[in-house]
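Here the structure comes first, spelled out in structure tokens, and everything after it is commentary.
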Amino acid sequence: MSSQFRAILVSKTEKGQKLDFVTLGEADLMPGDVTVAVEHSTVNYKDGLAVTGRAPIIRHYPLIPGIDFAGTVVESGHRLIKAGDKVILNGWGVGEGHHGGYAGLARVKGDWLVAVPDTMTTAQTMAIGTAGYTAMLCIIALERQGVKPEDGEILVTGAAGGVGSIAIAVLSKLGYKVAASTGRPEEEAFLKSLGASTIIDRNEFSGPVKALAKARFAGAVDAVGSTTLANVLSQILPEGAVAACGLAQGMDLPASVAPFILRGVKLIGINSVTAALTRRVEAWSRLAHDLDMTKLKELTSHAKLDDVAALAADIIAGKIRGRVVIDL
Ligand code: NDP
């Protein structure tokens, strides 16, 4: 690996942000004890916000964005990581305050890295990416609340997106009956191929919020937030649970406490960014076991560094189906 590498660099200007393709050297990287030859990164919703500048995700300029990557270690001062190891990076402020995955080379703290599961390639781990790993954290959270396949249907909101599509594939493999809420009726066949049995128009969750509506779901994985999450809470069966990880519709939550105090519904927050290493390792090993790699292939497309700006705009516009891997 040459010490020179291509990267996307976002700088601050008087008008906002600008994005350049640059050639950098190792000396341009930030401090860290492990250097990784990046093989794949991805475009997550947060990358969309960062690259377009739609939300103040980037906290340090100039910055290489890209909140996740996978690759091969080229140099390590970390006691548990050695050159040649295949590793995954998700979160920890990478692509926000620390140079990220849209580059041929990355330098990070070894404590942030997770080993690529033996049965997976680096490309497969990035097809899953932060979105898929977060979907798994959501499902583990529902399991910990005792939500079982026989309890009833699980709703997945933002179904055709990254978190949603992987949540559907994993839930269906685990034997859950899955209802997929989407604004894209044209994706019905795709969502059914992943394992959804019911398709619901997302507008059903965008109307006025009742304190309690007809209870119909044993649980939910919510990537959308706002009015959708409030409506979902009001439709959860007694003692059911909702894992909330996203804000694609908005950060607000115009809900009442009625589902909590009258039905014992649980709302579990999911933060993937600073999740402890043990939880990460658990999530990745569950993904290796509980995600059908054929379905993962179906929901994944591949693109290049040059495509990132357009893909960032597309993901914010809700136009990306499943997951996009960026091949470095
Ligand atoms: P995607 O854009 O791939 O998926 C989001 C989906 O939400 C869209 O595909 C769309 O699904 C739906 N959606 C978009 N806009 C709206 C809207 N205005 N109203 C209702 N539904 C909408 O993003 P990701 O899957 O990468 O991320 C999903 C969310 O999860 C994001 O908010 C992201 O920030 C969050 N996230 C949080 C993490 C955490 O640690 N808490 C980690 C990873 C992601 P459809 O077309 O099917 O309706």
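Taken together, the values in this text are just the output of simple stated rules run on the coordinates, not laboratory data. Note that this is a predicted model, so its numbers are computed, not measured. As a convention, Cβ positions derive from the backbone with ideal geometry for all residues, glycine included, and neighbour counts pool all protein chains shown.
Return the total of residues in segment 255-275 being touching a residue at least 60 places away in the same chain (Cβ under 8 Å) and more than 16 Å from the ligand (Cβ to nearest atom).
Looking only at segment 255-275, we keep the residues that are touching a residue at least 60 places away in the same chain (Cβ under 8 Å), and these are 266, 268, 270, 272-275.
Pick out the ones that are also more than 16 Å from the ligand (Cβ to nearest atom) and you get 266.
Of the residues in segment 255-275, 1 are touching a residue at least 60 places away in the same chain (Cβ under 8 Å) and more than 16 Å from the ligand (Cβ to nearest atom).
Out of (1) without any contact (Cβ under 8 Å) to a residue 12 or more places away in the chain; (2) in a loop (DSSP other than H, G, I, E, B), what's the single condition that is false for T278?
In the conditions (1) without any contact (Cβ under 8 Å) to a residue 12 or more places away in the chain; (2) in a loop (DSSP other than H, G, I, E, B), T278 misses (2) alone.
Out of the residues in segment 93-113 meeting the condition of being over 17 Å from V308 (Cα atoms) and within 15 Å of the ligand (Cβ to nearest atom), tell me which one is nearest to the chain's Cα centre (by Cα).
Here the residue is G93.
To keep it simple, each residue is scored yes or no on (1) outside any helix (DSSP H, G or I); (2) charged (D, E, K, R); (3) surrounded by fewer than 18 Cβ atoms within 10 Å (Cβ to Cβ).
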site	(1), (2), (3)
K214	yes, yes, yes
T228	no, no, no
N231	no, no, no
A288	no, no, yes
K295	no, yes, no
D307	no, yes, yes
R321	yes, yes, no
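Working only within segment 177-198, note down all residues that are in a strand (DSSP E or B) and surrounded by 20 or more Cβ atoms within 10 Å (Cβ to Cβ).
We begin by selecting, within segment 177-198, every residue in a strand (DSSP E or B); these are 178-182, 196-198.
Answer for segment 177-198, where residues must be in a strand (DSSP E or B) and surrounded by 20 or more Cβ atoms within 10 Å (Cβ to Cβ): V178, A179, A180, S181, T182, A196.
Among the residues of segment 249-269, write down those that are surrounded by fewer than 21 Cβ atoms within 10 Å (Cβ to Cβ), aliphatic (A, V, I, L, M) and part of a loop (DSSP other than H, G, I, E, B).
Selection gives M251, L253, A255, V257.
Output yes when any residue across segment 148-161 is small (G, A, S), under 25 Å from L328 (Cα atoms) and away from the ligand (no atom under 13 Å from the Cβ), and no when none is.
Checking segment 148-161: not a single residue is small (G, A, S), under 25 Å from L328 (Cα atoms) and away from the ligand (no atom under 13 Å from the Cβ).
Note down all Cβ pairs under 7 Å where the first residue falls in segment 110-121 and is more than 14 Å from I81 (Cα to Cα), the second is not in a loop (DSSP other than H, G, I, E, B) and not acidic (D, E), and they're at least six residues apart or on different chains.
P117/W284; P117/S285; P117/A288; T119/A288; M120/A288
Give the residue, chosen from G71, G84, G66, that is in a loop (DSSP other than H, G, I, E, B) and surrounded by 22 or more Cβ atoms within 10 Å (Cβ to Cβ). Can you show your working first?
Working: G71 fails: in a loop (DSSP other than H, G, I, E, B); G84 fails: surrounded by 22 or more Cβ atoms within 10 Å (Cβ to Cβ).
Of the residues listed, the single one that is in a loop (DSSP other than H, G, I, E, B) and surrounded by 22 or more Cβ atoms within 10 Å (Cβ to Cβ) is G66.
Looking at (1) within 15 Å of the ligand (Cβ to nearest atom); (2) touching a strand residue (DSSP E or B) at 6+ places or on another chain (Cβ under 6 Å); (3) among the small types (G, A, S), which one does G318 not meet, given that it meets all the others?
(2)
Only one of (1) within 12 Å of the ligand (Cβ to nearest atom); (2) part of a strand (DSSP E or B); (3) in contact with a Gly (Cβ under 8 Å, 6 or more places away or on another chain); (4) hydrophobic (A, V, I, L, M, F, W, C) fails for L237. Which number is that?
(1)
Applying the selection to segment 101-157, what residues are crowded, with 19+ Cβ neighbours inside 10 Å and in a strand (DSSP E or B)?
A103, L105, A106, R107, V108, L113, I154, L155, V156, T157 - these are the residues of segment 101-157 that are crowded, with 19+ Cβ neighbours inside 10 Å and in a strand (DSSP E or B).
Considering segment 87-100 alone, what residues qualify as being in contact with a Ser or Thr (Cβ under 9 Å, 6 or more places away or on another chain) and not in a strand (DSSP E or B)?
Hits for segment 87-100 are G91, W92, G93, G95, G100.
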